[in-house]
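Inspection log for the structure reproduced underneath, given as structure tokens.
The values are calculated or read from the model by the stated rules, or taken from the named source; none is laboratory data. All figures in this text were calculated on a predicted structure; none of them were measured in a lab. Positions of Cβ are generated from backbone atoms using ideal geometry, with glycine treated the same way; all protein chains shown enter the neighbour counts.
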Protein chains: 2
Amino acid sequence: MSLRKLTFVTGNVNKLREMQELLHGIVDLHNTPVDLEEIQGSTQEVAIAKCRQAAAIIGGPVITEDVGLGFNAMNGLPGAYIKWFLKELKPAGLYKMLHGFEDKSGFAVCTVAYCAGPNHEPILFEGIHHGTIVEPRGPPVFGWNPVFQPDGHNETYAEMSDELKNKCSHRFLAVEKLKAFLSEQQ
Amino acid sequence: MSLRKLTFVTGNVNKLREMQELLHGIVDLHNTPVDLEEIQGSTQEVAIAKCRQAAAIIGGPVITEDVGLGFNAMNGLPGAYIKWFLKELKPAGLYKMLHGFEDKSGFAVCTVAYCAGPNHEPILFEGIHHGTIVEPRGPPVFGWNPVFQPDGHNETYAEMSDELKNKCSHRFLAVEKLKAFLSEQQ
């Protein structure tokens with residue numbers, strides 16, 4: 001039986017490889033890098049608009065993926081805007097943003113969106129990992145990982161082994177939901 | 001001589017009235033409220049995308065207007081995202097965001113965009129007012145006005161009389177540039 005094709009719209013080769021491994025045997029995952037506009041809004045609104053746009057451009061079933069980091073003291077902001085703040089402030093500056101607030105809790109959110117094709121409504125698969133925003137610890141290799149310490153762990157994402165992180169991350173939780181959905185559809 | 005028509009795409013009746021007064025005798029300013037998507041990006045990128053979209057929907061010449069508030073300690077952020085932070089944090093929370101940063105300077109920016117019609121490039125008219133982000137002072141009636149004290153003044157925007165504010169504001173500076181441009185075109 002040949003698996004049905006699904007396009008992952010991402011410019012990130014590592015994300016593609018990881019997603020291909022996770023969805024192995026379920027779908028035939030291809031990649032098309034397309035420049036997608038990101039709207040302002042909640043992480044859900046941003047993901048829906050982006051996935052809808054991707055399906056319209058590709059003309060078939062697609063998945064997209066977005067990550068955000070929310071601070072509870074800011075009611076979930078920066079959220080979908082985290083990449084802009086990370087770019088300008090680096091991890092140390094993200095932590096500094098909370099200096100005046102007592103509540104240092106936050107959450108990492110991964111939103112995988114699936115859209116069956118043009119004019120279909122995207123379906124969201126969210127993985128949320130609650131934790132604390134801390135002073136940066138661990139190698140500053142990947143994004144805001146040094147400032148996020150998930151609940152139930154003593155390490156930040158940056159201090160964790162890939163193996164441990166992959167098993168507990170916001171991303172893993174979202175992809176697990178997508179896997180269940182795609183498996184049911186077969 | 002009849003003035004040429006121009007559409008101001010805004011849902012804000014007060015802004016329309018004010019703009020009509022400012023452009024009196026130069027253009028015949030109408031209003032059409034249209035829901036426009038705002039993209040993520042710099043204040044310029046957001047304004048260009050929005051005005052282009054407005055011209056495509058209206059099918060003729062349009063102006064749009066955006067305001068932002070940037071913190072220099074954050075390299076200009078929240079900038080175009082200020083409305084989301086204001087909504088969640090209120091003016092007092094905006095000031096709190098800078099608690100961990102020594103540099104409290106910032107700037108108010110108004111971006112008026114003009115687009116001649118569908119498939120034309122929008123032209124931007126920016127008014128920037130430099131100042132300081134302070135603890136909220138003055139009536140909390142309008143947006144982030146209580147936390148912005150422009151350079152050369154002892155009052156925040158919220159503490160100023162309308163007359164004074166209108167003569168020195170980021171908005172006034174942007175509209176003056178638009179006026180000069182439209183007058184030349186006649």
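Some observations on this one:
- Meets criteria (surrounded by 14 or more Cβ atoms within 10 Å (Cβ to Cβ), hydrophobic (A, V, I, L, M, F, W, C) and in a helix (DSSP H, G or I)) for B:Ala180: no
- Selection status of A:Ala108, more than 14 Å from chain B (Cβ to nearest Cβ), under 30 Å from A:Val27 (Cβ atoms), buried (at least 21 other Cβ atoms within 10 Å of the Cβ) and of a type in the set (A, V, I, L, M): yes
- Any chance B:Leu77 is touching a strand residue (DSSP E or B) at 6+ places or on another chain (Cβ under 7 Å), among the hydrophobic types (A, V, I, L, M, F, W, C) and either within 14 Å of chain A (Cβ to nearest Cβ) or buried (at least 22 other Cβ atoms within 10 Å of the Cβ) (or both): yes
- Filtered residues of segment A:59-74 (kept if under 25 Å from B:Ile39 (Cβ atoms) and surrounded by 19 or more Cβ atoms within 10 Å (Cβ to Cβ)): A:Val62, A:Ile63, A:Thr64, A:Glu65, A:Asp66, A:Val67, A:Gly68, A:Leu69, A:Gly70, A:Phe71, A:Met74
- Matching residues, segment B:80-90, being buried (at least 20 other Cβ atoms within 10 Å of the Cβ) and closer than 29 Å to B:Leu6 by Cβ: B:Ala80, B:Tyr81, B:Ile82
- Answer residue from segment B:29-58, given it is in a loop (DSSP other than H, G, I, E, B) and away from chain A (no Cβ under 14 Å) and is surrounded by the fewest Cβ atoms within 10 Å (Cβ to Cβ) among those: B:Pro33
- Test: residue in segment A:164-177 that is buried (at least 17 other Cβ atoms within 10 Å of the Cβ) and under 21 Å from A:Gly60 (Cβ atoms): yes
- Flag for B:Cys115 being within 16 Å of the chain's Cα centre (by Cα) and over 30 Å from A:Glu102 (Cα atoms): no
- The C-beta contact set for segment B:146-168 (first residue of a type in the set (Ser, Thr, Tyr), second residue assigned to a helix (DSSP H, G or I), distance under 7 angstrom, 6+ apart or interchain) comprises B:Thr156/B:Asn145; B:Thr156/B:Pro146; B:Thr156/B:Val147; B:Tyr157/B:Asn145; B:Tyr157/B:Lys165.
- Residue in segment B:133-140 that is basic (Lys, Arg) and within 14 Å of chain A (Cβ to nearest Cβ) present: no
- In segment B:80-90, the residue that is farthest from the other protein chains (Cβ to nearest Cβ) out of those that are under 12 Å from the mean Cα position of the chain (by Cα) and outside any loop (DSSP other than H, G, I, E, B) is B:Ile82.
- Considering segment A:91-105, and only residues there that are assigned to a loop (DSSP other than H, G, I, E, B) and in contact (Cβ under 8 Å) with a residue 12 or more places away in the chain, the residue that is surrounded by the fewest Cβ atoms within 10 Å (Cβ to Cβ) turns out to be A:Glu102.
- Residue within segment B:22-42 that is modelled with pLDDT under 95, in contact with a Phe, Trp or Tyr (Cβ under 6 Å, 6 or more places away or on another chain) and under 18 Å from B:Gly143 (Cβ atoms) present: no
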